[in-house]
1. Out of the stretch 150-159, which residues are buried (at least 18 other Cβ atoms within 10 Å of the Cβ) and not in a loop (DSSP other than H, G, I, E, B)?
2. Residues of the stretch 192-227 being part of a helix (DSSP H, G or I) and either touching a residue at least 60 places away in the same chain (Cβ under 8 Å) or in contact with a Gly (Cβ under 6 Å, 6 or more places away or on another chain) (or both), which ones?
3. Scan (1) among the β-branched types (Val, Ile, Thr); (2) out of contact with any His (no Cβ under 9 Å at 6 or more places or on another chain); (3) at pLDDT 90 or above for the single condition Thr7 breaks and write down its number.
4. Only one residue in Arg273, Arg237, Arg315, Arg336 is of a type in the set (Lys, Arg), closer than 30 Å to Arg145 by Cα and either in contact with a helix residue (DSSP H, G or I) (Cβ under 7 Å, 6 or more places away or on another chain) or surrounded by fewer than 20 Cβ atoms within 10 Å (Cβ to Cβ) (or both). Which one?
5. If you take just the helices (runs of 4 or more DSSP H) that sit entirely in the stretch 33-149, which of them hold at least 2 residues that are out of contact with any Ser or Thr (no Cβ under 7 Å at 6 or more places or on another chain) and exposed (fewer than 13 other Cβ atoms within 10 Å of the Cβ)?
6. Kindly list the number of the only condition in (1) outside any helix (DSSP H, G or I); (2) modelled with pLDDT of 95 or more that fails for Phe261.
7. Only residues that are part of a helix (DSSP H, G or I) and either more than 19 Å from Phe185 (Cα to Cα) or among the aromatic types (Phe, Trp, Tyr) (or both): list them for the stretch 303-331, please.
Amino acid sequence: MRGAERTFGAIADLAPSAPIYTLLYDPAGTGGRFDGHPVVTSSLQHLRLRQRGFRALLPLLPGATSRLPADGHDLVVSSSSAFAHGVRTGTDAVHVCYCHTPFRYAWFERERALAEVPRPLRPVLDATLRRVRRRDLEIARRVTRYVANSELCRERIERFWSREAAIVHPPVEIERFRVGEPEDFFLIVSEVVRHKRLPLALEAATRAGKRVVVVGDGPELRELRARYGESHDFLGRVADDRLEDLVPRALALLVPGVEEFGIAAVECQAAGRPVVGIDAGGLRETVIQGETGLLVPEDDPDAMTAALADTDFTRFDSARIRRNAERFSREEFQRRLASEIAQALAARS
């Protein structure tokens, strides 16, 4: 239950008994969060994949999504960061897509995707990504209304798909976090994948003589643990209560990658702690420079090192930081998304 899953939970609660269509479903992994909904999965469910295994099925995912039988409904609401906006709907159905981002590896990180696979497989992956782009352009014409999770996402939807989108920021469960007393460590909460750019923050902290606690898992974890394990702590995934204990005790949260929104950055602020991150993407919408955090240039590791070494993070006003986070509540998200859905239905009528 990370950011996208929690966002989808807030969407699903707008229609508590509505069916859910999804490629893969793990009731235990989602803590029973969707038990009140009938859940329809794709044929890939029979493969019993673990969390890391689904990435190998990339060529199959677009087609499996299009075969999900969601065409018996008047209204379909999808939550998409890659393929979900391609779900099959009826000809007259209203389809509102809450978009976290167009599929990054097809649209704006193709070279990085190719670099992550063995050379013999790169032509196959490249062909797959080209098919995804062609398919996305067709799908984008069929979706009734796009809703973007941030200004960066809105810009991408317009640039890649020539579609307009309103912005509704994702929900953050503010009530999970309490203000505490900071201790002598920084925190990273992230999927441990290449585009999150964790080495930038770890290298900056190492040079500044600061300790970092990393929460999260992913394909890059083993390499980072081997490289930085003597100076920093890698906890892997942790339970919610452990994270809720860690966040208020951190000096600050480090966000070295460009986030479309960045729910962890708002969660950290809900605990009264500042954010140190890249001056790009969603952090520009959630962090107030000098008041609730520090934003440094995207390609300047020295700037992040200086920020960690020279800033007194205990001087930040925890109450002020907390108030900033309260702008992104679950209730506000649901109210604004429901309004977008209502407008889409009214326009179709």
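The values are calculated or read from the model by the stated rules, or taken from the named source; none is laboratory data. Model, not experiment: these values are computed from the prediction. Note: ideal-geometry Cβ built from the backbone for every residue, glycine included; neighbour counts use all protein chains shown.
1. Leu152, Cys153, Arg154, Arg156, Ile157
2. Answer for the stretch 192-227, where residues must be part of a helix (DSSP H, G or I) and either touching a residue at least 60 places away in the same chain (Cβ under 8 Å) or in contact with a Gly (Cβ under 6 Å, 6 or more places away or on another chain) (or both): Arg194, His195, Lys196, Leu200, Ala201, Glu203, Ala204, Ala205, Arg207, Ala208.
3. Every listed condition holds for Thr7 apart from (2).
4. Within the list Arg273, Arg237, Arg315, Arg336, the selection yields Arg336.
5. 110-115, 122-142
6. (2)
7. Listed by number, the residues that qualify are Phe313, Ala319, Arg320, Arg322, Arg323, Asn324, Ala325, Glu326, Arg327, Phe328, Arg330, Glu331.
Rundown of residues vs (1) out of contact with any strand residue (DSSP E or B) (no Cβ under 6 Å at 6 or more places or on another chain); (2) among the β-branched types (Val, Ile, Thr); (3) in contact (Cβ under 8 Å) with a residue 40 or more places away in the chain, yes/no style:
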position	(1), (2), (3)
Val76	no, yes, no
Val87	no, yes, yes
Arg110	yes, no, no
Ala115	yes, no, no
Pro118	yes, no, no
Val124	yes, yes, yes
Arg130	yes, no, no
Arg133	yes, no, no
Arg163	no, no, no
